[in-house]
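These notes concern the structure reproduced below.
The values are calculated or read from the model by the stated rules, or taken from the named source; none is laboratory data. None of the values given here were measured: they were computed from a predicted structure. Here the Cβ positions follow ideal geometry from the backbone for every residue, glycine too, while neighbour counts run over all protein chains shown.
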Amino acid sequence: MEYSTPHELSFSGNVAQNWKEWYQQFNIYLIASSKDEENDIRKINILLNLIGPQRVKIYNNFKKKEKTNFNTVVQAFDQYCEPRKNIIFQRYKFGCCIQQEGQSFDDFLTELKTLAATCDYKEDYNMKRKKRSMKRIMVRRRCFKSIQYIMCIRLIVV
């Protein structure tokens, strides 16, 4: 049985998020293909084979002691990718996110959660997500319609 392998790791946009998503796909591949029980050197080479030639150059710059333990290699990639998180740009993308015409609310909410997770918001994460979701196109239309309906009812009752 053949298993889907992750595409090369992208270094455009939010590199830290790209790495997390790529590594998740890599783990899924390892487990599905029963390669998660392989020795560290073999897992490292599978990772290097799938991550792409430009990322192998990053691995080549790791310290010698970081190159033989799989978990240490993963941590080294974590550290390499983490500072490349552009929080300002991610917050901009979050702030500009609107529900597209025909996009379901669940898809929009998932997109908002994904974007908010990359913004490094702490306590106010849920508040900002809720505020953004209220700006969506469909809700505005429904709110305006229901407000007009309520105002009409009040005028009739008075």
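To keep it simple, each residue is scored yes or no on (1) farther than 27 Å from GLU2 by Cβ; (2) within 25 Å of the chain's Cα centre (by Cα).
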residue	(1), (2)
ASP36	no, yes
ILE46	no, yes
TYR59	no, yes
LYS65	yes, no
TYR80	yes, yes
ASN86	yes, yes
TYR92	yes, yes
Within the stretch 84-106, does at least one residue satisfy the condition of being polar (S, T, N, Q), exposed (fewer than 14 other Cβ atoms within 10 Å of the Cβ), under 30 Å from ASN60 (Cβ atoms) and free of Cβ contacts under 8 Å to residues at least 40 places away in the same chain?
no
Hey, can you tell me all the residues within the stretch 39-56 that are closer than 13 Å to LEU9 by Cα and part of a helix (DSSP H, G or I)?
LEU47, LEU48, ASN49, LEU50, ILE51, PRO53, GLN54, ARG55, VAL56
Report the residue count in the stretch 1-38 for those that are buried (at least 17 other Cβ atoms within 10 Å of the Cβ), touching a Leu at 6+ places or on another chain (Cβ under 7 Å) and outside any helix (DSSP H, G or I).
1
Only one of ILE28, ILE87 that is at pLDDT below 85, out of contact with any Phe, Trp or Tyr (no Cβ under 6 Å at 6 or more places or on another chain) and among the β-branched types (Val, Ile, Thr):
ILE87
What is the residue count in the stretch 21-58 for residues that are in contact (Cβ under 8 Å) with a residue 40 or more places away in the chain and closer than 26 Å to THR114 by Cα?
5
